[in-house]
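**Q** The following block contains the structure, expressed as structure tokens.
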Amino acid sequence: GIVNAHVSLWRRTRRREVPVADPPFQGSTPGPDSGMGADERRRLWLACRSLSVSQRTAVVLRYYEQLDYAEIAAYMGVREGTVRSSVSRALALLREELGEERG
């Protein structure tokens with residue numbers, strides 16, 4: 001909904017290209033050449049879905065779009081400290097959830 005519309009608008013107005021020899025994957029989930037098996041990709045996707053929308057947005061903008069915290073804060077309309085906290089909490093939740101599933 002609203003997040004997707006904002007991301008689409010943001011992507012149209014601000015393109016950031018980073019040249020790489022061979023991208024590890026294309027699309028929204030890691031592909032078969034990413035070094036991850038299908039079960040790992042599924043677990044990662046399910047773990048990401050367990051995050052709140054704001055946490056997921058912050059993590060995607062930080063690690064997928066490679067924005068810095070100030071850019072994310074401006075985009076999301078929150079303070080930089082809030083973004084740092086959201087990313088930190090999200091990563092902790094992902095580590096916990098993925099660690100529990102691996103046993």
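The values are calculated or read from the model by the stated rules, or taken from the named source; none is laboratory data. Values in this document were obtained by computation on a predicted structure and should not be read as measured data. All Cβ positions, glycine included, derive from the backbone under ideal geometry; neighbour counts span all protein chains shown.
**Q** For the stretch 51-86, which residues satisfy the criterion of being part of a helix (DSSP H, G or I), touching a Phe, Trp or Tyr at 6+ places or on another chain (Cβ under 8 Å) and more than 26 Å from residue 39 (Cβ to Cβ)? If you could, list the steps in order and put the result at the bottom.
**A** Of all residues in the stretch 51-86, those part of a helix (DSSP H, G or I) come to 53-64, 69-76, 80-86.
Checking the rest, the ones that are also touching a Phe, Trp or Tyr at 6+ places or on another chain (Cβ under 8 Å) come to 61-62, 75, 80, 83-84.
Selection gives 61, 75, 80, 83, 84.
**Q** Can you find a residue in the stretch 4-15 that is in a loop (DSSP other than H, G, I, E, B) and at pLDDT below 65? Spell out the reasoning first.
**A** In the first step, residues of the stretch 4-15 are kept if they are in a loop (DSSP other than H, G, I, E, B); the result is 14-15.
Of the ones still in play, those that are also at pLDDT below 65 are 14-15.
Yes, the stretch 4-15 has at least one match.
**Q** Out of the residues in the stretch 61-71 meeting the condition of being of a type outside the set (Asp, Glu) and exposed (fewer than 14 other Cβ atoms within 10 Å of the Cβ), tell me which one is modelled with the highest pLDDT.
**A** Here the residue is 70.
**Q** If a residue has to be closer than 25 Å to residue 45 by Cα and either in contact with a helix residue (DSSP H, G or I) (Cβ under 7 Å, 6 or more places away or on another chain) or surrounded by 14 or more Cβ atoms within 10 Å (Cβ to Cβ) (or both) to count, how many in the stretch 72-95 make the cut?
**A** Looking only at that region, the number is 15.
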